[in-house]
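I have placed the structure first, in the form of structure tokens, so that the comments after it can refer back to it.
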Amino acid sequence: MKVSVDDIKNSPNQTLKTSFNGNIKDLETDGPVVAELIFKCLGQCINVKGQIVANVKLTCDRCLKEFYQKFELPVDETYMSGAFNDGENKEIELKDGDFVIDLYDETEIDADDLIYQTLILNLPNPSVCDINCKGDAEMEKYLKKEVSDPRLEIFKNINIRKEGK
């Protein structure tokens, strides 16, 4: 879904509310991805706020089973036309609020890409199907295996005496 910058600027109060209910390319979900987004023009900036709800298919990093996890994510992104193209090639210090997406000469905002990036950047690492998941048999053997560093063996036989005893 593409949202025209002109449509945002020409809407009442320069605010455009959109709804998305469908699939996102390269993202497997159980059911549609639902998003309510509000595009607001603030001079050269366009702020996008809203909420995304999706049941995303993940693979457990321990047992490799596929499972679905529900995400309810807030959206707060700012786009700016010509944000970094002031004609001067000098270094600038970024401050809070300076993290914006430059539209360059684009006349549309790709809401699908915004939704996709918001979901992908919020995926858990590692992905675990259950807090008690111990993984498959191979993983269980690895977890039970006691690993010791031979360089630390000397510390097993140290006697420490306290002063005065």
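Assorted remarks:
- Among the conditions (1) modelled with pLDDT under 80; (2) loosely packed, with under 11 Cβ neighbours inside 10 Å; (3) of a type in the set (Lys, Arg), residue 134 misses just one, which is (2).
- Residues within segment 41-61 that are surrounded by 13 or more Cβ atoms within 10 Å (Cβ to Cβ), of a type in the set (A, V, I, L, M, F, W, C) and under 18 Å from residue 108 (Cα atoms), tallied: 4
- Residues that are more than 20 Å from residue 117 (Cα to Cα), in a strand (DSSP E or B) and either without any contact (Cβ under 8 Å) to a residue 40 or more places away in the chain or of a type in the set (Asp, Glu) (or both) occur at least once in segment 41-56.
- The residue pairs whose first member lies in segment 11-28 and is in a loop (DSSP other than H, G, I, E, B), whose second member is exposed (fewer than 14 other Cβ atoms within 10 Å of the Cβ), and whose beta carbons are closer than 7 Å, counting only pairs six or more residues apart or on different chains, are 28/57.
Conditions tested, residue by residue: (1) among the aromatic types (Phe, Trp, Tyr); (2) more than 30 Å from residue 133 (Cα to Cα); (3) at pLDDT 90 or above; (4) surrounded by 17 or more Cβ atoms within 10 Å (Cβ to Cβ).
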| site | (1), (2), (3), (4) |
| --- | --- |
| 7 | no, yes, no, no |
| 39 | yes, yes, yes, yes |
| 67 | yes, no, yes, no |
| 77 | no, yes, no, yes |
| 80 | no, yes, no, yes |
| 102 | no, yes, no, no |
| 105 | no, yes, no, no |
| 109 | no, yes, no, yes |
| 118 | no, no, yes, yes |
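- So residue 84, is it among the aromatic types (Phe, Trp, Tyr) and modelled with pLDDT of 85 or more: no
The values are calculated or read from the model by the stated rules, or taken from the named source; none is laboratory data. Bear in mind that the values here come from a model prediction, so they are computed numbers and not experimental data. As a convention, Cβ positions derive from the backbone with ideal geometry for all residues, glycine included, and neighbour counts pool all protein chains shown.
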